[in-house]
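Visitor: Have a look at this one before I ask anything.
The values are calculated or read from the model by the stated rules, or taken from the named source; none is laboratory data. It should be emphasised that the depicted structure is a prediction, and the values quoted were computed from it without experimental measurement. We place every Cβ from the backbone using ideal geometry, glycine too, and count neighbours over all the protein chains shown.
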């Protein structure tokens, strides 16, 4: 089982008073160091695999002269509020549109800055092991309304399918609960919420032992390298599009006609708007940085294989920069030009 090994400092109770003034106070910075004298407070969720993306942004900001503090860990909903209030500067892993309600609840575009796409087209949805899918012709989540089908995935003895779900507070757990109600699965399916790294590790063990498994998953993430879609597991379609809240009328069907029940998500950098407007070099950087989902998945898989220490992730980030040096230099040059 993989656990987050980084020792991240907790979010301060409040930094709002005077933080923006401290962040934006500069003393004639050099042209290549537009962030000199400006403090950055990076935030991320408890997902250890989002550290890599966050660290790349931090390193780029440091190259521009910003004084970047250690990562502070806080769950998504609170992170949006903290950034809007000035208690944090940015978060590199805003899942859009899944977290659109968090974004708007924190003030939306009036208080938050988000331009560009940092990591494009991440998929999410429900998967089951291919052996069970083939043996019983299971292709759609709605089939679990049948108690006999649902019982195939019962690991607790209550007759209901046990669905490995999301951490509370991630937003996806609310979508799953909405699906369970909307598709009439409340009597046959139970979402198991908790520490995702722990419960998915148990799911993988069950699969290795030849047992049927049902779980929520997403890309980019290391699981696709362990339980390979099309080989070990298959995506399930849903009966129809059904999202809660502001996205209730959204069609979740993909271009190929598949419908996994969730929109394809882009990871975006979200920052405090007042800070971003006062720091055009950083704002430009946030808007133009982009890494591939494949690169994220590859790094996440290294963490799964044991390279999950702070030093390991630092090494991964440095290796990525060295491999993409021309792109990296181009980002920094564009950011510096925006500050002139």
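Visitor: So residue 220 clears everything in (1) over 19 Å from residue 123 (Cβ atoms); (2) in contact (Cβ under 8 Å) with a residue 40 or more places away in the chain except one condition, right? Which one?
Guide: Exception for residue 220: condition (1).
Visitor: Please go through the range 300-333 and give me each residue that is farther than 17 Å from residue 58 by Cα and assigned to a helix (DSSP H, G or I), ordered by number.
Guide: 300, 301, 302, 303, 304, 323, 326, listed by residue number.
Conditions (1) in contact with a helix residue (DSSP H, G or I) (Cβ under 6 Å, 6 or more places away or on another chain); (2) in a helix (DSSP H, G or I); (3) on the phi < 0 side of the Ramachandran plot, marked per residue:
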site: 116; (1), (2), (3): yes, no, no
site: 133; (1), (2), (3): no, yes, yes
site: 138; (1), (2), (3): no, no, yes
site: 143; (1), (2), (3): yes, yes, yes
site: 150; (1), (2), (3): yes, yes, yes
site: 158; (1), (2), (3): no, no, yes
site: 170; (1), (2), (3): no, no, yes
site: 180; (1), (2), (3): no, yes, yes
site: 203; (1), (2), (3): no, yes, yes
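Visitor: If residue 137 passes every condition in (1) touching a strand residue (DSSP E or B) at 6+ places or on another chain (Cβ under 7 Å); (2) surrounded by fewer than 17 Cβ atoms within 10 Å (Cβ to Cβ); (3) closer than 19 Å to residue 239 by Cβ but one, which one does it miss?
Guide: (1)
Visitor: Take the residues of the range 285-309 that are more than 19 Å from the chain's Cα centre (by Cα) and over 21 Å from residue 268 (Cβ atoms): which is surrounded by the fewest Cβ atoms within 10 Å (Cβ to Cβ)?
Guide: Across the range 285-309, the extreme among qualifying residues is 306.
Visitor: Provide a single number: the residues in the range 118-131 that are assigned to a strand (DSSP E or B) and surrounded by fewer than 17 Cβ atoms within 10 Å (Cβ to Cβ).
Guide: 2
Visitor: Next up: Residue 108: farther than 27 Å from residue 214 by Cβ and out of contact with any strand residue (DSSP E or B) (no Cβ under 9 Å at 6 or more places or on another chain), yes or no?
Guide: Judged against the criteria, residue 108 is a match.
Visitor: Inspect the range 253-260 for any residue being part of a loop (DSSP other than H, G, I, E, B), touching a residue at least 60 places away in the same chain (Cβ under 8 Å) and in contact with a strand residue (DSSP E or B) (Cβ under 7 Å, 6 or more places away or on another chain) and give the result as yes or no.
Guide: Yes, the range 253-260 contains at least one residue that is part of a loop (DSSP other than H, G, I, E, B), touching a residue at least 60 places away in the same chain (Cβ under 8 Å) and in contact with a strand residue (DSSP E or B) (Cβ under 7 Å, 6 or more places away or on another chain).
Yes/no per residue for (1) buried (at least 18 other Cβ atoms within 10 Å of the Cβ); (2) in contact with a strand residue (DSSP E or B) (Cβ under 9 Å, 6 or more places away or on another chain); (3) farther than 30 Å from residue 249 by Cα:
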| site | (1), (2), (3) |
| --- | --- |
| 171 | yes, yes, no |
| 180 | yes, yes, no |
| 185 | yes, yes, no |
| 190 | yes, yes, no |
| 195 | no, no, yes |
| 200 | yes, yes, yes |
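Visitor: Report, by residue number, each residue of the range 48-64 that is buried (at least 19 other Cβ atoms within 10 Å of the Cβ) and without any contact (Cβ under 8 Å) to a residue 40 or more places away in the chain.
Guide: Of everything in the range 48-64, those that are buried (at least 19 other Cβ atoms within 10 Å of the Cβ) and without any contact (Cβ under 8 Å) to a residue 40 or more places away in the chain turn out to be 54, 58.
Visitor: Next question, about the same structure. Within the range 319-334, work out how many residues are in contact with a helix residue (DSSP H, G or I) (Cβ under 8 Å, 6 or more places away or on another chain) and farther than 22 Å from residue 266 by Cα.
Guide: The number of residues fulfilling the criteria is 2.
Visitor: Condition check: assigned by TED's automatic domain parsing to the domain that holds residue 44, outside any loop (DSSP other than H, G, I, E, B) and modelled with pLDDT of 95 or more. Does residue 92 satisfy that?
Guide: yes
Visitor: Same structure again: If residue 264 satisfies all but one of (1) at pLDDT 95 or above; (2) surrounded by fewer than 20 Cβ atoms within 10 Å (Cβ to Cβ); (3) over 18 Å from residue 131 (Cα atoms), what's the number of the condition it fails?
Guide: Result: residue 264 passes all but (1).
Visitor: Same structure, new question: Looking at (1) without any contact (Cβ under 8 Å) to a residue 40 or more places away in the chain; (2) in a loop (DSSP other than H, G, I, E, B), find the lone condition where residue 185 falls short.
Guide: Answer for residue 185: the failing condition is (1).
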